[in-house]
Amino acid sequence: MRNLILTIALFSGLICNAQEMHFTVYNFTVEAKNVSTVYKLFDDYFSKNKPADVTVSLWENHFNDSGNNFSHSVVFSGNLESMGAMYSRGNNDTWSLFISRLNQHMKEGFSSAMGRSLATYGNTSEEHPYQRYYLLDVDEMSKWTDSFKMMAENNNTEGQILMMGNLTVGHGPEGVNAWVISGFKDFKTAMAGAGSLRTEAENEAASKAWDKHREEGGEVELVRSGMRILLKSW
């Protein structure tokens, strides 16, 4: 990961609480022969050196298109104070050794970004490790956000966690400025989607709410989508 030392200072080990949550994400590629080594390096380091009040999550980018084909992501998430404290710690010998070893087993860095989680729906006390993500180009962010919240508040279903937020830095040439993540407890349900968890009447109500959101949320372009799988969070 040639850019990690310089850039480390989708979509969440995000935690929902009363405070606004911020995140940073670093996407990178690891060759298959080095995946287990990289996982062990992350686990050994963050099991002993987890930043206070920050969740660290390692993800496999399982389904993706050719323009989004990095293999892994690491996401740091927490409130503004805890994230600021993490990034102000500076380098130390333990961190430098971790990065040095990590770089030896990375093929290349891919991208990085930071942003905020604006809303989360569902039971966040349970893991939903199979997550479908959608990266969006939203024309009017406040209008779209308000409309999305109205749609999601009454139509999220048990067994799913639904999250949305924005990107503040790291938009890229495609114009991505917002994201939505739909998380599930198992692969089968992630494949089938939220509709498989609802009754027929609930699906009808959700469809009407979605249509209303599309009408009232303004112009939105789906830039890309994929599915990530949680390897571990600390």
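The values are calculated or read from the model by the stated rules, or taken from the named source; none is laboratory data. Predicted, not measured: the structure shown is a model, and the values here were computed from it. Please note: Cβ atoms are built from the backbone with ideal geometry, for glycine as well, and neighbour counts cover all protein chains shown.
Quickly run through the stretch 156-197 and pick out the residues that are charged (D, E, K, R) and outside any loop (DSSP other than H, G, I, E, B). The answer is LYS188, and nothing else. Of all residues in the stretch 132-180, those being polar (S, T, N, Q) and under 23 Å from GLU202 (Cβ atoms) number 6. Among the numbered conditions (1) modelled with pLDDT of 95 or more; (2) closer than 30 Å to GLU202 by Cβ, the only one that VAL75 does not meet is (2).
Look at (1) touching a Ser or Thr at 6+ places or on another chain (Cβ under 8 Å); (2) surrounded by fewer than 15 Cβ atoms within 10 Å (Cβ to Cβ); (3) of a type outside the set (Gly, Ala, Ser) and you find that MET106 fails only one, number (2). Scanning the stretch 41-67 for residues that are loosely packed, with under 12 Cβ neighbours inside 10 Å and under 22 Å from HIS128 (Cα atoms) returns a single hit, SER47. Figure legend. Inter-residue proximity from the stretch 141-159: first residues over 9 Å from TYR121 (Cα atoms), second residues among the hydroxyl-bearing types (Ser, Thr, Tyr), beta-carbon distance below 6 Å, spacing 6+ or different chains. No pairs are indicated.
Filtered by the rule that a residue be in contact with a strand residue (DSSP E or B) (Cβ under 6 Å, 6 or more places away or on another chain), of a type outside the set (S, T, N, Q) and under 15 Å from TRP210 (Cα atoms), the stretch 144-163 gives TRP144, PHE148, LYS149, ALA152, LEU162. Of the residues THR145, THR120, THR94, THR124, the single one that is of a type outside the set (Gly, Ala, Ser) and surrounded by fewer than 16 Cβ atoms within 10 Å (Cβ to Cβ) is THR94.
Matching residues to (1) among the small types (Gly, Ala, Ser); (2) within 21 Å of MET227 (Cβ to Cβ); (3) touching a Phe, Trp or Tyr at 6+ places or on another chain (Cβ under 6 Å):
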position	(1), (2), (3)
SER96	yes, no, no
ASP139	no, no, no
ALA190	yes, yes, yes
GLY195	yes, yes, no
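If only residues of the stretch 182-234 that are surrounded by 14 or more Cβ atoms within 10 Å (Cβ to Cβ) and of a type in the set (Ser, Thr, Tyr) are counted, the one that is nearest to SER125 (Cα to Cα) is SER233. Answer with yes or no whether MET164 is under 17 Å from ALA119 (Cβ atoms), in contact with a His (Cβ under 6 Å, 6 or more places away or on another chain) and not assigned by TED's automatic domain parsing to the domain that holds TYR26. No. Among the criteria (1) under 23 Å from HIS62 (Cα atoms); (2) surrounded by 14 or more Cβ atoms within 10 Å (Cβ to Cβ); (3) modelled with pLDDT under 95, the one ALA152 does not fulfil is (1).
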